[in-house]
1. Residue check: is residue 182 over 18 Å from the mean Cα position of the chain (by Cα), exposed (fewer than 15 other Cβ atoms within 10 Å of the Cβ) and part of a helix (DSSP H, G or I)?
2. I need every pair where a residue in the stretch 23-42 that is under 13 Å from residue 60 (Cα atoms) and surrounded by 14 or more Cβ atoms within 10 Å (Cβ to Cβ) has its Cβ under 6 Å from the Cβ of a residue that is among the polar types (S, T, N, Q) and modelled with pLDDT of 90 or more, sequence separation at least 6 or different chains.
3. Among the residues of the stretch 84-100, which ones are buried (at least 17 other Cβ atoms within 10 Å of the Cβ) and over 14 Å from residue 220 (Cα atoms)?
4. Tell me, please, whether a residue that is at pLDDT below 95, crowded, with 18+ Cβ neighbours inside 10 Å and under 30 Å from residue 151 (Cα atoms) can be found in the stretch 203-210.
5. Here are some residues: 187, 178, 259, 195. Which one is in contact with a strand residue (DSSP E or B) (Cβ under 6 Å, 6 or more places away or on another chain), modelled with pLDDT of 90 or more and of a type in the set (Gly, Ala, Ser)?
6. Look at residue 218 and say whether it is exposed (fewer than 13 other Cβ atoms within 10 Å of the Cβ) and either of a type in the set (S, T, N, Q) or not in a strand (DSSP E or B) (or both).
7. How about the stretch 241-251: which of its residues are in contact with a Leu (Cβ under 9 Å, 6 or more places away or on another chain) and in contact (Cβ under 8 Å) with a residue 12 or more places away in the chain?
Amino acid sequence: MDTATTSLPTRDHLRPLRYLWRVPLLLLHIVVAIGLAAFVMSWNRHRVMRGGREPFAHRMIRWWATLLLRIFGLRAVRMGEPLADPVLFVANHTSWIDIVLLHSQRAVCFVAKAEIAHWPLVGWLAASGGTIFHRRGSNHSLAAVMQAMVECLRAGRSVAVFPEGGTGHDGVLKVFHARIFQTALDAEVAVQPVALRFARDGRRVIDAGFREHENFMQNFLRLLGGPPMDAEVHFLQPVPASPDARRRMAELSRERIAAALEDHAA
């Protein structure tokens, strides 16, 4: 099976030119983000979707995320339709930019590692957007996070999680943790799998995500100077609720995402 385009030509002569215009645009976009967080999210943070209509703050988040993707040379492409809030979205995870990609389609509350809360500026922006922080390896933290997720869902906000428990690389889709699916059962909301797929000329580009041993800044700079590609968001068929089989819900979500990630012959 020929699954993906994994590499680009060794020398990319246009990379310096891309940095030349993308970096100033990125700095300007960060200033806009500060303004949105300070003046829009501060008074509109707890608004929820009513009758399928997004609140103004949510539309601003999607607008900002879409433009950020464009600065990085990524064109967001939606496949399928997201369910109306509230819903638990479960997605594959290969890069930090997955969060931006999902936000370009739906303003959701994310579950993220606790370290992000202490990052300069980024932590404040994430908290302003409703991020739920989790300390990995702590059962007490996980229980608190799951309770926060249930409260968020019951209040009418959608939540997005990466059930692999961390980022993968080389196109490998890891096992989905089943426990997190309990939050959808407790809140009585639907679970919708979402496949995040980077592509060029219709072929999957697994190199867009983290490479093995690559840190955040290395990936950030590599994507910022990289050539254009599509960032696909596949909203898949919802997973039936199975109160006695969370593992089956996790496995079925993973199966549907894996199928959407494949390259299919025309």
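The values are calculated or read from the model by the stated rules, or taken from the named source; none is laboratory data. These figures come from a predicted structure and were not determined experimentally. Backbone-built Cβ (ideal geometry, glycine too); neighbour counts: all protein chains shown.
1. No: the conditions fail for residue 182.
2. none
3. Hits for the stretch 84-100 are 85, 86, 87, 88, 89, 90, 91, 92, 93.
4. No, there is no match, as no residue in the stretch 203-210 is at pLDDT below 95, crowded, with 18+ Cβ neighbours inside 10 Å and under 30 Å from residue 151 (Cα atoms).
5. 195
6. Considered against the rule, which asks whether it is exposed (fewer than 13 other Cβ atoms within 10 Å of the Cβ) and either of a type in the set (S, T, N, Q) or not in a strand (DSSP E or B) (or both), residue 218 comes out as yes.
7. Matches in the stretch 241-251: 241, 243, 246, 249.
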